[in-house]
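Heads up, the thing below is written out as structure tokens.
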Amino acid sequence: QVQLVESGGGLVQAGGSLRLSCAASGHTFSIYTMGWFRQAPGKEREFVVAIRWNDGNTYYADSLKGRFTISRDTAKNTVFLQMNSLKPEDTAVYYCALNRGATITAVARLYDYWGQGTQVTVSS
């Protein structure tokens, strides 16, 4: 059973930083991608960034490039999202997701597994 467990969310002031983690377990996929999405109250789920696990290639949402950075620890099956210069509009529940394929995609419905989400709140 595939499990994705996010952590690292919390309350931070505007301009601050947070580092989210997502630990994956219960799978033996050799080729897959991991993505981060977010959903603010009353809004649709929004793509943030994705990384292809075997080669580390990444794809960022244009609006977030430069402030957010994705990385991975292959030994720990964990993906990270470093968020800097946070703004109140970054407030959302952040989800990690796993897509059983080599395509780095921003399309949420193509991801097969999802974590439970972690709340990020940025105060002004």
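The values are calculated or read from the model by the stated rules, or taken from the named source; none is laboratory data. What you see is a predicted model, and the numbers here were worked out from it, not measured in a lab. When we count neighbours, we look across all protein chains shown, and the Cβ atoms used for this are built from the backbone with ideal geometry, even at glycine. SASA here: full protein model, heavy atoms, side chains in, ligands and nucleic acids out. Shrake-Rupley method; radii C 1.70, N 1.55, O 1.52, S 1.80 Å.
These residues, T103, T118, go from largest to smallest accessible area, 1.4 Å probe, as T103, T118.
In the full protein context, the chain carries 51 Å² of accessible surface per residue, based on a 1.4 Å probe and ignoring ligands, DNA and RNA. Spin-label model, Q3 to A23: label points 7 Å out along the Cα-to-beta-carbon direction sit 0.9 nm apart.
Length gained on full extension, T69 to S124, computed as 0.36 nm times the residue gap minus the Cα-Cα distance: 17.6 nm.
With a ≥ b ≥ c taken as the square roots of the eigenvalues of the C-alpha gyration tensor of the chain, please select rounded if a/c is under 1.5 and otherwise prolate if a/b is larger than b/c or oblate if it is not? Prolate, since a/c reaches 1.5 and a/b exceeds b/c. Would you work out what percent of the accessible area of the chain, with all protein chains in place, is carbon or sulfur (probe 1.4 Å)? Looking at the chain in its full context, I get 46 percent from C and S.
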